[in-house]
Every structure is written in structure tokens, then in C-alpha cells.
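J.: To start, I am sharing the structure in question, which I have written as C-alpha cells.
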Amino acid sequence: MKYGGLIVVALSLLTGIGVFALFSWSIGINPYYVIESILTTFIFPGIVKDFLILSLLGYALLIAFKGSLWNIGAEGQMHMAIIASVYVTLILFFTTEKSLPIHVSIGVVLLSIVLATIAGALWGGLAGAIKAYTGVDEVPVTLILNYIAYFIGNILVYGPFRGKYVWGYVRTDLLPAPYKLSISVKKTITGDPIVDTLNGYLVEAIIYSSWITALIIVAIFTYWLFNKSSLGLKIKILGSNPDYLVTLGVNVKKTTVTAFMLSGAIAGLTGALYYHGALWRLEYPLEYQTMGYGYLAILVTWLSMLDMKFIPISAYIVSALIMGSQRVSSLPVVREAFAVIGLGGAEIAFRLLMFGSVLLSYSILRFIQDYEIRVVKS
Amino acid sequence: MIPVDLLIDKILPAFITFYLVSLGHSIFEKSGILNLAIDGIFFAATGAAILGAYLLLPIIPYPPIAGSVLAVLVSILLGLFMSTVLTFLPISHGAVGLSLQFFSYGVGIILGYSVRMRYGTVYQIAYTREDVLELLVISIVIGLTLHVLIEKTKLGVAIRAVGENPHSASALGVKVMHIRIIAAIIGFALMGLGASLFILSWQRTWDFRQYSQGYGWLAFATALAAGRHPIMLIPVSLLFGGLASTQTDISASLKVPTDVAKLIPFLAALILMLVYSSTGLRKIFASPSSLGKPYYKEEKSI
Amino acid sequence: MTSPLLSITGINKSFPGGVIALDDVSMEFYPGEVTAILGENGAGKSTLVKILYGIYSPDKGDIFFQGKRIVIGSPIDAIKKGIVMVSQIPQLIDRLTVAENLSLSLTSVGLFESMKNVRRVFKEISDKIGIKINPDAKVWSLNYTQKQLVEIARAVLLDAKVLILDEALTYLPVEERRKFYVYLQRFKEEGRSIVLITHKIPEALEISDRIYILRRGKVVGSLVRENATLEQIRELMFGEAAKLITYERFSNPYEIQVGEPIIQVENLVVEGEYGEIAVNKVSFKARAGEIIGIAGIVGNGQRELLEALVGLRRIRSGRVIIDGVDVSNKGVGVIREKGVGFIPDQPLRYAVSAENTIVENIAALFSRQQVVINWSSMIEITNKLIKEYSIYPPNPNIHVKLLSGGNIMKVVVSRELEYATRALLAYNPTRGLDEATATFVRKKIKEKAVGDKVSIVFASEDLDEVLQLSDAVFVMNRGVLYGPFDPVSTPRSKIEELMVM
């Protein structure tokens, strides 16, 4: 079944949207609004930001997942990286200047990105080392490490990282302007929806041009890793049959740690880019501040069927769904309906249900595809 | 010396919560299904608990028991889904577990949120101090009973057999699906009960953001650290529950942010897991051989 | 004439993808008789057994038990009817005790009952049939024969009317097999029926009253033992492939030189899975061009010995020297680097990655030390091996999971033989292959030893294979290595005796 995989993905997404629409309908919202709102989000410039971050994280997780190393810890790896970046930009080289000589700016930002990447790699490598040397399952370990990263971040934001210009809030100072990676562009609105949409995409692309560059580099690296290098082949075999790797005389422990470090490094890089490009500060408590990109990336990577070509596509779909579900929640009819049943303010439940049902359908439908493969074998 | 108030209002309820949840989780995992939905189902059960305390009042006149009953039912329902799907189809336990986790977070919010908005705190529907002592005795009795059940009876043997090797177990004459369903009912009933106590006797407040606090994962870690052994779970649950429930007191007395105290149980869980798995204790507390392995019943399932 | 106890008519079973495993199979099993079902690997024997035991359900056809049509939906249905199976790999659960294992089959034991009654009943049965096994022993502590005895006791305990032996005794030496024949004889006398599944013709001739021969899913012969000859059965079993198959000994064209050995093993002690001594002070030498064959019943330390030699398992004491260098506990990487090929037991499980292509599987071994893989040279090696071993389909970029079992095995054997410049270690190198392919693989192994002066150490549960290939035969029993014996001059009975003593 050549297009089996695509059908599975399509059906999973439809199920997710279906559950979403069904739930909306059950609380008296016309499902038409919901579906329209989600579908129009697919041509909405606002999703570029999420798309780029999720694509990067998708590649990060792909490297681990190819080795059947279920790194659920991109969230923690990102946060440890952001902590490193905050240290460089707000502690070591904090400045109140509006502008600095260009070489200073570049130097500090580069240092921040490099240290963040290393921090992510180490946090990922820690999980890999635990998996490799003690055999403890990586899923609970990476999850626990996520919480540990949140709490370390919280302690730092509460203490040494707390800003001087925060008026009593528990948060860090704002990233100084010379270290910001996003390019500010003034948007012009023409009134023509097609021109405005295209223009919108262009503006977003300029704002996040550094992220786009990083994404291209990461995608090329991933391609090289899995098609040219021996390490990539080892990771793939680790995912399919680690026992074979052992009989080959390959150091499985080292391979496990390396795969985890690479995965963590890309997550770390993404963390730094996110901080320099959009986040600009940490705020207490961390676990509520970010969007849970690390978890959403699991969805992205799974939906790509671990095929690197499909990472950006599935990242785009997931970004559209997430943004779409937010847009639905902000529709006046929906807010009213939510308020009536007493769920006003808890629209996140919608997203979690959709997220869960897409993943669940996918996990179950994947079986049909795997089954097709066994057919040829027997 | 630990003050009595702290003991009865916090440490004991936390202990009972962790003990019941990790006990149920352990029994369920002994049947060979990796339970990565634990945190989600834990949260869904907390939402069900406060909903049940109001919704089931006409049938069960004592609010906390009404809450626990609904929590148990919701938990069993989600658990049965996971257990049957994973026994019927050869699919990834991890993927289904995590998906169900997110789904259950959503379910939990929908169940609990409107009650929370209408009634505010949970104090008026919580278990009393006397109840807590009774619950303590009941949990320990349940734990000891289950220990005997698992080690001595044919049902226990069948659960272990299915977790060790479902194919051999089936060839020996065990109905894998039946046994896993029984293990799921026992396990998720306990997880639901434990989760209801989290709200109705320990926290006594419910907020939808609790879904990201990871108490279910801490119970998961508790079970791992105690090698899924009903007796070993007692001291480990006491330790983790004690730490988790006294974090504000620890932070006040040591003058550190509460996050330090929040950090300790997770760190301790991680370290204990490492200690167990890297020493000789691994053999005693080894996981079931087929834990998390998709069960291919050959082509029969099609 | 009595009516059959169990019969099947017109059984069809095909697997998705159009593979027909059983094609219109009809058989009758009479009380008080042993019926053998003969066929080589892949003939459909195991599919048939799984249908009789309720693991598969047939696409078409009926099963009759005592004249009544029945449906066997699961093993417990079969057990309730009195159909009990003992298979080659004991279906007992290692971490449970004997009594606990048995309780799972006994419908008379309630879910909340303890093991007390099971223990008592097992003791009674054991006394009756004369076996001495502690019901509270964990199954992992039993040896292979003991496990099979427990399975037989289980059949008695369940009052089996039909006992299916699925290659259960095939790899036991004749002597040990005869011990089981005593129980089987008693079974027969009580009017029960025995179904013996095997791919070894002599085994079928030894005990059966009636023989069915399966080839490619069809019954191609139904014989009464008195009229059956080995040649006739062989012809039926293998068809046109029969001429490719040989059990003739491969002799070495010249004497092994008395030079420095490639592999030297001195007083090797290795622990097993549960910390027991699995390999006990083993010493031997293997010279260039020499094939060392280790015979023995499964679970006597052969696996542990070979794993220790290739570096997969820790050596507690003693030494392994390859090419004059002590490689004890140096790890697989170091040992493989010396030009050592390795074919583990169950190669499809341990020696190949099904999700990867043929060339990737080959590159994984040959390019593991490089950072960047030279794909063109890997394709070259792969194409060479595909041609030499006629691997089908001949496409280096096809995923291994799409190959048949025999072709996957060829990928493994060809890769390891190509890699082995100094030595090859192998365990059951032809298990699961059809006989023609098995003969081909054994020939290739011999050619490698003779042609490239490679030293080969292999263990096999199939004594015929050991005798066919080896220049020196050893026997492994409870971790102790006996030998060397000359494969030509040593009587087979002496070797078999050592295997079971």
C-alpha cells in the first residue's frame, strides 16, 4: 500500500478534527464555525513562528526516534538551553544600551547559542547515559528530567536570574535589544486578502529569517547523518534491532548517548533561537510559560512517520491545528457557549482532546500500515 | 518530631495517594502493559472526583465517597480502553499510553472545571481526619491482600504469566485478554481511588493547571523505584509522599523556594531508580519480561 | 477398524498476501496410534499444529473430535477437549515455578486458589510416571529434558486424549528420546492418540504407526509404517530438491597443519543468565582451516561459550586468545576487528536489521569504523554476495523484511563468511532453513574453511550437521566440554551418550 502512510495521517487528523467538531456540537456550537476556522488557519501567516520551531524540534526528535529512543524530553532540553542563554545574555553580558558594536552583538549571540546547544546536548545526553548504562526506560527519565529542568529554571528565576527592572514580577529582565534575533518589519495592509496573506508570509519569513537559516542547516545535517554517515546507520539499526548492533561489535551505549546528545543539541539550539527570536525573557513558573513545544514536537515527529521529508509538512499541519484551535476558542460564539457550560477559561481542554485523539487514532491506524508490511513478508 | 497536624493533613494523605496509585499501576503493569497514560488518567480521575462528589450525591449521600466512586469508574473506563486495545492489536504501548494521557488531561478538565468554578474550594466535600486514618488502614490491608493475591493465587500467577510471556501463557491455557482486563480493573480502580484522595484528602483544592504538575509521573517513578512490589511500595510511597506533601514546610524552614522542595521527590525518584537498576537489586525488582511489547496474536485478530 | 479420535478434512489456510500454507489437507488420527506428520521447514507443519491447538483458525475445512464437528477457538478450548501440545521450545514461563505453570492449564483450579492442590496432584502424577521434579522449582533452574518432562506430566495431568509433539523430541539424542517413548507407549495403550510433528525421517520411522507427508502445504503421501522406506519418504518430502540434499560428511582434502592455532581457549568459566556456571573450565584450540563442531542438547552452555568467545558475555576466569592476543573481556568490537565472523543462534532475531536494506545491513558490519560510508564499495560487495549466494530478489536496496527467511539467512551467512578473514563462530548456522538451502550453507562454510584457511568453531543441536561438517567433534554437557573426537572413527552412540549423561 504505497500511500498507506499518508492515508493513516489523513484519517488521524480527520478523527482529531472530528472529535473537536463533535464536542463543539455537543455544547451547542455549530461545527461549521469550528471546521471553517481550523481550515482557514492553513493559510494564515501567524502559524509561521510555530511552524519553524516545531520543524526544528521535529528534526531533534527524529534523530532520537529513529533509534527507537523515545525522547519525550525536548521540553526540558529546550529549557536548560534557554537557561544557558539567559545566563550569557542577562548575567554575563547584560546591557541597557539600545545598540552595541555589531561584532559584540554577534559574539554574544553566538556564545549564547553555542552554550545553549551544549546545555541541550548535555541534558539529552544525561537521559541517554541513564538509558544506556542502567537500562532504565528513557520515557520516564526524560519526563522526570523535564520537571527537574522546570524546577531548576524556577529556582533560578526566583533567585539569581530575577531581573532588576521587573516591578515585583517574578521574571527575568527583557533580552537587551542588541541581542534580539528577530528583524522588525512594518506591516502594510492593502485590503486585498490574497496580497495581504502573501505579504504576511513574507513579513514572517523576514522576522524569523535566522530561524529559517537554522532550519535549513539542521535539515541538511539530518539528511547527511542518515544517508551518508555510519553513525546515522547505527542509529537506524539501534531503532530496528539493537541486538544486531551488539553482535556487530558496535558500542550500543555510546550510540545511544550520542543519538540523545544530538537530539538534545538541536532542541537546545531551538531553545536559544526561540529565546533570542520571540521569548525574550523567562517568567515564573516556567511550566506554564511556554507552549509545550517539546510535547507538540512528539506529535510532529510521529505524524511524519519518521520520514525527514515529512517533518516540515507535519509541523505545518500541527501548527495550523494548534493555532486553529486557539482561533476557534476566541470566536465569540464559542466563548459564549463555554461560559454557559462553565468552561470559560479552560479552552485548553479542547486542544488537549484534539491532540490526544489525533495521536490516538494515529497510533491505532498505524497498525494497519504495519500489517500491510507483514503481508508482503509472509 | 513531626507535628500531628502535618502528619494527618498532609503526609498520610500523600502517602495513601501515592501508595494506592503506584500499587494499582504496579498490578496493571505486571500484566505486561506499559502504562504511560498514568499521569493523564490520574488527572482525569481527580476531575471525576470533584464532579462525582456533587453529581452522585443523590445515590451516595457522603460526598467524598461519591467522588471516589466516580473517579474509580472513570479511571477503570480509560484503563479498560487501553488494556483491550493493546491486547487486541499489536501496537505501540508507548504511543497509545501517551496519546491517552493527553486525551485524559482534556477529559479531566471538562469533568472538573465547571464544578470547580461553581463551588470554589473542595473543603466541604473532603474526607475528614478520621476518614484518613480509616483509609490508611484500608490501603495497607488492600496492599497486603494484593501481595498475597499476586504471589500465591492462580489469578496472580496468571497475571504474572501474561506479563512474562503472553504467547506461552496463552498456550498454557490462559485467556490473555480476560486476565489483562481483570488486572486493568483492579489496577485502575486503585489508581482512580488514589487520585480521588489526592484531591479529597490531600490537596483539597482542584485547579485545571494541576495537570502539568506531574504527580501521576511521580507515582510512576514510585512504582519503578519499588520494583512494583506491594510491600516495598510502602516505604517508597511514604518517602516520596512525605517529601511531596511537605515541600512548602521544607521551603519555609530552610528558606528556599518551594521549587527546591518540588525538585527533591523527582530527583530522589530518579536517583532511586538508578540505584535499583545499577545494583544487584535489579534481579529482585526486574520488570515483567514482556512489559511494553506489542502482543501479536498472529493473524487471528484480523 | 476403529473410528478416528480426531480428524481434519479439507483444511485450507492462506496468509494475507496470497501465501497458501495449507491446501486441502485431510488427516485422521486414531486412538492407540502414533501418527507422524513429516515435512521440511516451511512445508506447513507448524501452521497445521497451530490450527489443531487453536492458535490459528482455518479458512476452510472441518475438525472432527470423536465424530463430532468442533471449533477450536483458543488453546484453552483445545485443552478442554483433551488436545494438548508439547512444542520444541518448552512453552513454560521461566520465572514461575513448575506448579504455577501447571495451574494455568488446570480448569479445576479456581482463580483465587493457592498452589496446594496443584503441588499434590503433580506429586501423584510424577510418582506414577516416575519423574523426580520439585513442583516448587523455578522453571529456569530446570534443564531442557526436565522441562519437556514437565510438559509430558502436564499432558498426563490434563488427561490428554490427543498429545501433539511439535518437534518436541527432535533434537534429543536417541537414548533420551527412548525414555520418552516409554511414556508414549503407555499413552497409546490407554487408547490415546499421539501426533508427532518432525522433519527428521528416522524419528518418524522409530515410533509412528502412520505417516503423513506434507510438502508445500499439501499432503503428498500417507503411509503405514510397515510399508514405508526412508528413500520413498525422502522422495516425497523433498521432490526435485532431493538431489541437492546430502548428509554425506564433507571431508577435508588435506591434513590440518600442525601450526599455531588461531583460536585458543584456556580454562574458560562463564556465567549464565541467572548467575549459574554455564561454561565450566573449557579449553580447546582451533587451527587455520579447521572446523570444530560442538554437539549438545540445547541449554548446556553452548550459547554462553560462543557468546563469551565473541565478547558478548563476560568471562569470569580463563582466557580466550585469538591470533596470539589475549582478547578476554575486550568486547565484541575488538574481537570482530581481528576478522572474526559471528552467526548467532536465531540469526533472524540477532543478526539482521529487518527495517534496513540489504546493503545497509552489510555496510553496518563493513563500515562500522568509518565516519562516512563509502556506499559504492558497499554496493559492490553486496552485489557480489547476492550473485554468489543467489539471494532473491537480487536488489541491494530492498528492505530485509521483504525477504523470505531462507534469503535473510543467506544475507547473514554470506556477510559473516565474507567478513571472516581469520575465524568464524556460529551457533545452529542452518536452523530453520529448508534442507536444500541448509546443505548449500554447510557447503559454503566448508569451502570458506578450506579455501581461506579460516578457523571455524560452531555449535549445533543437530548432531547430523556436526558430524557432516567437523574436523573435530566436541560434546558439551552441563557446561563441560568433552573431546576432541574424530568424527569418522568415533561411534555415534558414544557421542550421544556424552550428550545426555
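The values are calculated or read from the model by the stated rules, or taken from the named source; none is laboratory data. Note that this is a predicted model, so its numbers are computed, not measured. All Cβ positions, glycine included, derive from the backbone under ideal geometry; neighbour counts span all protein chains shown.
J.: Being more than 7 Å from every other protein chain (Cβ to nearest Cβ), without any contact (Cβ under 8 Å) to a residue 40 or more places away in the chain and surrounded by fewer than 21 Cβ atoms within 10 Å (Cβ to Cβ) is the filter here, so list the residues in the stretch C:63-109 that pass it.
T.: Result: C:Lys68, C:Arg69, C:Ile70, C:Val71, C:Gly73, C:Asp77, C:Lys80, C:Ile89, C:Thr107, C:Ser108.
J.: Hey, among B:Ala219, B:Ala183, B:Ala223, which residue is touching a Ser or Thr at 6+ places or on another chain (Cβ under 6 Å), among the hydrophobic types (A, V, I, L, M, F, W, C), farther than 30 Å from A:Phe151 by Cβ and crowded, with 24+ Cβ neighbours inside 10 Å?
T.: Step by step, each of B:Ala219, B:Ala183, B:Ala223 is checked, and only B:Ala183 is touching a Ser or Thr at 6+ places or on another chain (Cβ under 6 Å), among the hydrophobic types (A, V, I, L, M, F, W, C), farther than 30 Å from A:Phe151 by Cβ and crowded, with 24+ Cβ neighbours inside 10 Å.
J.: Provide a single number: the residues in the stretch C:293-327 that are without any contact (Cβ under 8 Å) to a residue 40 or more places away in the chain and surrounded by fewer than 19 Cβ atoms within 10 Å (Cβ to Cβ).
T.: 2
J.: Still on this model: Would you call B:Ser277 in a helix (DSSP H, G or I) and at pLDDT 85 or above?
T.: Criteria not met by B:Ser277.
J.: Next question, about the same structure. Yes or no: the stretch C:433-455 includes at least one residue that is within 21 Å of C:Ala308 (Cα to Cα), surrounded by fewer than 18 Cβ atoms within 10 Å (Cβ to Cβ) and out of contact with any Cys (no Cβ under 7 Å at 6 or more places or on another chain). Talk me through it step by step, then tell me what you get.
T.: Within the stretch C:433-455, the first condition is being within 21 Å of C:Ala308 (Cα to Cα), and the residues that meet it are C:454-455.
From the residues that got through so far, the ones that are surrounded by fewer than 18 Cβ atoms within 10 Å (Cβ to Cβ) too are none.
Checked against the condition, which is being within 21 Å of C:Ala308 (Cα to Cα), surrounded by fewer than 18 Cβ atoms within 10 Å (Cβ to Cβ) and out of contact with any Cys (no Cβ under 7 Å at 6 or more places or on another chain), the stretch C:433-455 yields no hits at all.
J.: If I go through the stretch C:86-135 residue by residue, how many of them are in a helix (DSSP H, G or I) and more than 17 Å from B:Ser168 (Cα to Cα)? So that I can check it myself, show each step before the final result.
T.: Of the residues in the stretch C:86-135, the ones in a helix (DSSP H, G or I) are C:98-103, C:116-129.
Checking which are more than 17 Å from B:Ser168 (Cα to Cα) leaves us with C:116-129.
Going through the stretch C:86-135 one residue at a time, the tally reaches 14.
J.: Quick one: count up the residues across the stretch C:171-204 that are of a type outside the set (D, E, K, R) and within 20 Å of the chain's Cα centre (by Cα).
T.: 13
J.: Here is a list of conditions, (1) buried (at least 24 other Cβ atoms within 10 Å of the Cβ); (2) among the hydrophobic types (A, V, I, L, M, F, W, C); (3) part of a helix (DSSP H, G or I), and B:Leu36 meets all of them except one; can you say which number that is?
T.: It is condition (3) that B:Leu36 fails.
J.: Right, another one. Is it the case that some residue within the stretch C:424-441 is in contact with a Pro (Cβ under 7 Å, 6 or more places away or on another chain) and in the same structural domain as C:Arg303 (by TED's automatic domain parsing)?
T.: Yes, because at least one residue in the stretch C:424-441 is in contact with a Pro (Cβ under 7 Å, 6 or more places away or on another chain) and in the same structural domain as C:Arg303 (by TED's automatic domain parsing).
J.: Being out of contact with any His (no Cβ under 7 Å at 6 or more places or on another chain), surrounded by fewer than 21 Cβ atoms within 10 Å (Cβ to Cβ) and closer than 27 Å to A:Asn251 by Cβ: is that true of A:Leu198 here?
T.: Judged against the criteria, A:Leu198 is not a match.
J.: Right, here's the next one. Would you mind stating whether A:Ala84 is in a helix (DSSP H, G or I) and either touching a helix residue (DSSP H, G or I) at 6+ places or on another chain (Cβ under 9 Å) or of a type in the set (Lys, Arg) (or both)?
T.: Details: in a helix (DSSP H, G or I): yes; either touching a helix residue (DSSP H, G or I) at 6+ places or on another chain (Cβ under 9 Å) or of a type in the set (Lys, Arg) (or both): yes.
The answer is yes for A:Ala84.
J.: Further, regarding this structure: Go through (1) touching a residue at least 40 places away in the same chain (Cβ under 8 Å); (2) surrounded by fewer than 16 Cβ atoms within 10 Å (Cβ to Cβ) one by one and return the number of the condition B:Ser278 breaks.
T.: Failed condition: (1).
J.: If you don't mind, another one. Which of the residues belonging to the stretch C:1-39 are assigned to a loop (DSSP other than H, G, I, E, B) and surrounded by 21 or more Cβ atoms within 10 Å (Cβ to Cβ)?
T.: Filtering the stretch C:1-39 for residues assigned to a loop (DSSP other than H, G, I, E, B) gives C:1-5, C:16-18, C:30-33, C:39.
Passing the criteria: C:Leu5, C:Gly39.
J.: Looking at A:Ile148 and the list (1) closer than 19 Å to B:Leu34 by Cβ; (2) in a helix (DSSP H, G or I); (3) at the interface with another protein chain (Cβ under 8 Å from one of its Cβ atoms), which single condition is not satisfied?
T.: Of everything listed in (1) closer than 19 Å to B:Leu34 by Cβ; (2) in a helix (DSSP H, G or I); (3) at the interface with another protein chain (Cβ under 8 Å from one of its Cβ atoms), A:Ile148 misses just condition (1).
J.: OK, next. Quick check on C:Leu348: is it within 9 Å of another protein chain (Cβ to nearest Cβ), farther than 19 Å from C:Ala423 by Cα and surrounded by fewer than 23 Cβ atoms within 10 Å (Cβ to Cβ)?
T.: Criteria not met by C:Leu348.
J.: I'd like to know if the stretch C:403-414 contains one or more residues that are within 14 Å of chain A (Cβ to nearest Cβ), surrounded by fewer than 18 Cβ atoms within 10 Å (Cβ to Cβ) and within 28 Å of the chain's Cα centre (by Cα).
T.: yes
J.: Now for a separate question. Looking at C:Ile20, C:Ile51, can you tell me which residue is within 14 Å of chain A (Cβ to nearest Cβ) and farther than 19 Å from C:Ser222 by Cα?
T.: Details: C:Ile51 fails: within 14 Å of chain A (Cβ to nearest Cβ).
Being within 14 Å of chain A (Cβ to nearest Cβ) and farther than 19 Å from C:Ser222 by Cα holds for just one of C:Ile20, C:Ile51, which is C:Ile20.
J.: Counting only residues that are hydrophobic (A, V, I, L, M, F, W, C) and within 7 Å of another protein chain (Cβ to nearest Cβ), how many does the stretch A:218-271 have?
T.: 5
J.: Looking at the stretch B:282-290, is at least one residue within 9 Å of another protein chain (Cβ to nearest Cβ), assigned to a loop (DSSP other than H, G, I, E, B), surrounded by fewer than 19 Cβ atoms within 10 Å (Cβ to Cβ) and at pLDDT below 85?
T.: Looking through the stretch B:282-290, at least one residue is within 9 Å of another protein chain (Cβ to nearest Cβ), assigned to a loop (DSSP other than H, G, I, E, B), surrounded by fewer than 19 Cβ atoms within 10 Å (Cβ to Cβ) and at pLDDT below 85.
J.: Here are some residues: B:Leu239, B:Leu270. Which one is away from every other protein chain (no Cβ under 13 Å) and at pLDDT 80 or above?
T.: After applying the criteria, what remains is B:Leu239.
J.: Oh, and also: Only one residue in B:Tyr113, B:Tyr127, B:Tyr119 is within 30 Å of A:Met354 (Cβ to Cβ) and crowded, with 22+ Cβ neighbours inside 10 Å, so which one is that?
T.: B:Tyr113
J.: Pick from A:Ile311, A:Ile298: which is closer than 27 Å to A:Ile220 by Cα, surrounded by 24 or more Cβ atoms within 10 Å (Cβ to Cβ), modelled with pLDDT of 85 or more and at the interface with chain B (Cβ under 8 Å from one of its Cβ atoms)?
T.: From the options A:Ile311, A:Ile298, the qualifying one is A:Ile298.
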